[in-house]
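Structure record follows, encoded as structure tokens.
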């Protein structure tokens, strides 16, 4: 009789953050993410950017593009939050924290400069 097992490398099964990933994958099964389509001129601006860095630069130049991208992303984030909050582990439901806004992010980077 041959019994073969395969576990995660470097004993990541022993790491709680790694173990929770398999549970989070349950929420993401059979999920396809598609963002909402923006106006034609915003789509043209967005499609010119190929990397995340280029998208950020384009959003810095055009506040309208930044706002449209944020509104497209919010719907995806809400969808994922709903999926994750359906999960339960040891009779404890999962929950998601609220997203950080611009002021919280800038405060974080100001504080991290002094550490």
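Readers should treat all values here as calculations from the given coordinates under stated rules, not as data from a laboratory. Here the structure is a predicted model, which is why all the values come from computation and not from measurement. Positions of Cβ are generated from backbone atoms using ideal geometry, with glycine treated the same way; all protein chains shown enter the neighbour counts.
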Original post:
Once the Cβ-Cβ distance between residue 51 and residue 80 is put in as r, and R0 is 25 Å, what FRET efficiency do you end up with, to the nearest 0.05?
Top reply: 0.60
Original post:
Given that just one value was derived from the coordinates, which of (1) 8.5; (2) 6.7; (3) 12.6 is mean projected area of the Cα convex hull in nm²?
Top reply: (3)
Original post:
Under a point spin-label approximation (7 Å from Cα along Cα-to-Cβ), what is the residue 63-residue 89 distance to one decimal in nm?
Top reply: 4.1
Original post:
Computed FRET efficiency, Cβ-Cβ of residue 34 and residue 104, R0 25 Å: what is it to the nearest 0.05?
Top reply: 0.35
Original post:
If packing is taken as the mean number of other Cβ atoms within 10 Å per residue, what is the order of 96-108, 57-69, highest first?
Top reply: 57-69, 96-108
Original post:
To the nearest 0.05, how large is the calculated FRET efficiency for residue 44 and residue 71 if R₀ is 30 Å and r is the Cβ-Cβ distance?
Top reply: 0.95
Original post:
To the nearest 10 degrees, how steeply does helix 63-84 sit against the main Cα axis of the chain, on a 0 to 90 scale?
Top reply: 20
**OP:** Could you work out how far helix 52-61 tilts from the main Cα principal axis of the chain, as a 0 to 90 degree angle to the nearest 10?
**Re:** 30
Original post:
Helix 102-114 versus the longest principal axis of the chain: what angle, 0 to 90°, nearest 10, using Cα atoms?
Top reply: 70
